[in-house]
Amino acid sequence: DVATGSFYEKAVLWAVEKGITNGTDATHFSPDMSCNRATVVTFLYRSFGSPAVEQAENPFADVPASGWYTVPVLWAVEKGITNGIGGNLFGVDGICNRAQIVTFLYRAYN
């Protein structure tokens, strides 16, 4: 579902090659799908090489101990990239708006 010659084709191929994304299944990237907060933090975590997490304490009630996004979220907390959305919640399934994405990026790179 990644159109040849599309503006995002090279970016998707790069992200797959770097291990940042595996797609939404074995044969799809789903380029028009919105990203939730768990997915965005996971992309960011993988873009930094999936580093080890030293702080194991989970401050969020909506982040299970064995979720596919748990380690990336804990990494983002440890690095000061996210504080969650309040009320001891990360907001796992919330759509990550542009303001949140650039804030994650800013905090990750500063």
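Quick look at the values:
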item	result
Yes/no for residue 17 being over 23 Å from residue 97 (Cα atoms), surrounded by fewer than 12 Cβ atoms within 10 Å (Cβ to Cβ) and either in contact (Cβ under 8 Å) with a residue 12 or more places away in the chain or among the basic types (Lys, Arg) (or both)	no
Tally, over region 68-110, of residues that are of a type in the set (D, E, K, R), touching a residue at least 24 places away in the same chain (Cβ under 8 Å) and in a helix (DSSP H, G or I)	2
Exclusive hit being among the small types (Gly, Ala, Ser), part of a loop (DSSP other than H, G, I, E, B) and under 22 Å from residue 105 (Cβ atoms), set 52, 56, 15, 38	52
Failed condition for residue 7, given (1) farther than 19 Å from residue 105 by Cα; (2) in a helix (DSSP H, G or I); (3) among the aromatic types (Phe, Trp, Tyr)	(2)
Restricting region 33-64 to residues that are out of contact with any Phe, Trp or Tyr (no Cβ under 8 Å at 6 or more places or on another chain) and among the polar types (S, T, N, Q), the residue that is modelled with the lowest pLDDT	55
Residues located in region 25-83, provided they are open to solvent by less than 60 Å² (accessible area, probe 1.4 Å), among the aliphatic types (A, V, I, L, M) and closer than 23 Å to residue 8 by Cβ	38, 40, 41, 44
Check on residue 89, surrounded by 14 or more Cβ atoms within 10 Å (Cβ to Cβ), out of contact with any helix residue (DSSP H, G or I) (no Cβ under 7 Å at 6 or more places or on another chain) and more than 16 Å from residue 45 (Cα to Cα)	yes
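The values are calculated or read from the model by the stated rules, or taken from the named source; none is laboratory data. These figures come from a predicted structure and were not determined experimentally. Here Cβ is always computed from backbone atoms with ideal geometry, including for glycine, and neighbour counts include all displayed protein chains. Side chains included, ligands, DNA and RNA excluded: accessible areas come from the protein's heavy atoms. Shrake-Rupley method; radii C 1.70, N 1.55, O 1.52, S 1.80 Å.
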